[in-house]
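The values are calculated or read from the model by the stated rules, or taken from the named source; none is laboratory data. Remember, predicted model here, so these are calculated numbers, not experimental data. Here the Cβ is made from the backbone with ideal geometry for all residues, glycine too, and neighbour counts use every protein chain on show.
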Amino acid sequence: MYHHVELVLDAKAELGEGALWDPATQRLLWVDIVRGQVHRFDPVTRQNQTVAVGQMVGTVVTRARGGLMLAVQNGFASLDPEAGELTIVNDPEAHIPSNRFNDGKCDPAGRFWAGTMTLTGDAWKEAAGSLYSLDLDGRATPRLGQVNISNGIVWSADAKTMYFVDTVQPRVDAFDFDNATGAISNRRPVVHFPEGVGLPDGMTIDADDNLWIAMWGGWKVLGYDPRTGQPVGVIEVPAAQVTSCAFGGPNLDELYITSAWIGLSDGAKALQPQAGGVFLARPGVRGVPAVPFAG
Ligand code: CA
């Protein structure tokens, strides 16, 4: 099914990412990874507030006690967005300065998961990253090693399954998930993509436990049912590098989509002048509220 998208913020983001809806403020949180910016976009006023955090920022989540949590170049961090104050909470890879953090989200118990990738090397060739959870006691637990580009992490409504993307493996994998401990097991592929649709990047899950996956280089967001591996929707985006998506709005039925400008030739930029923008689609389904960090 084809769904129309609307450009709601002509951000020209270098590497827009990390879309997440904050129900408390009714704003879309998102980041520009390489510019080191955290953005808060109000779809009603179309105002976008920007906080520069002084280093690369891979993703943003809300925090139950207030403020925001980030996965930045050098670890898990808290951010007071009003004061612009960044505090590193835990850097599990202080000994690997060649890595940076990338995408992440909170699990149903409120742990903050995020993965690392090489910053100085070739992430397509080097599985130099790992996936961690920042636990409620502030400790970081390594959960998965040998990751190239950690992306697209979400959990099923029953908290028994975790879905994960390593972008260089062009598929979505599922794990059995133990919500009491955060342990993952039984990794298996659940979604394979056809040729020519790009590579899976960020991902969100809807109220029917279907996945909506931003396709880098694919000009689209794809919907899949991970229980059958079958497609459930296609959202065409007027930008090739589609990076993440999140359901938002008062009824969680608006899908906000981020995109990137990075690496495009002048010719490619001319062909996709809205690249780097934030887009809105209404695919006719609802999302689920994102879980805040509970630590
Ligand atoms: Ca990403």
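Side notes on the structure shown:
- Of Ala128, Ala94, all but one fail to be over 18 Å from the mean Cα position of the chain (by Cα) and buried (at least 21 other Cβ atoms within 10 Å of the Cβ); the exception is Ala128.
- Matching residues in the stretch 56-74 - criterion: being free of Cβ contacts under 8 Å to residues at least 60 places away in the same chain and in a strand (DSSP E or B): Val57, Gly58, Thr59, Val60, Leu68, Leu70, Ala71, Val72
- Within the stretch 20-56, considering residues that are within 13 Å of the ligand (Cβ to nearest atom) and farther than 21 Å from Gly66 by Cβ, the one surrounded by the fewest Cβ atoms within 10 Å (Cβ to Cβ): Val34
- Identity of the residue in the stretch 75-126, of a type in the set (Lys, Arg) and either assigned to a strand (DSSP E or B) or within 16 Å of the ligand (Cβ to nearest atom) (or both), that ends up nearest to Ile149 (Cα to Cα): Arg100
- Pairs where the first residue, in the stretch 28-47, is in contact (Cβ under 8 Å) with a residue 40 or more places away in the chain and the second is acidic (Asp, Glu) and assigned to a loop (DSSP other than H, G, I, E, B), C-beta under 8 Å, 6+ apart: Ile33/Glu14; Val34/Glu14
- In the stretch 194-232, the residues that are in contact with a Gly (Cβ under 9 Å, 6 or more places away or on another chain), at pLDDT 95 or above, more than 13 Å from the ligand (Cβ to nearest atom) and not aliphatic (A, V, I, L, M): Asp206, Asn210, Trp212, Gly218, Trp219, Lys220, Gly223, Tyr224, Pro231
- Pairs, first within 18 Å of Asn151 (Cβ to Cβ) in the stretch 10-27, second β-branched (Val, Ile, Thr) and surrounded by fewer than 21 Cβ atoms within 10 Å (Cβ to Cβ), C-beta under 6 Å, six or more apart: Glu14/Val34; Glu14/Ile262; Leu15/Val34; Leu15/Ile262
- Residue check, Pro170 within 15 Å of the ligand (Cβ to nearest atom) and modelled with pLDDT under 95: yes
- Filtered by the rule that a residue be within 16 Å of the ligand (Cβ to nearest atom) and either modelled with pLDDT under 95 or more than 22 Å from Ser78 (Cβ to Cβ) (or both), the stretch 151-167 gives Asn151, Gly152, Val154, Tyr163, Phe164, Val165, Asp166, Thr167.
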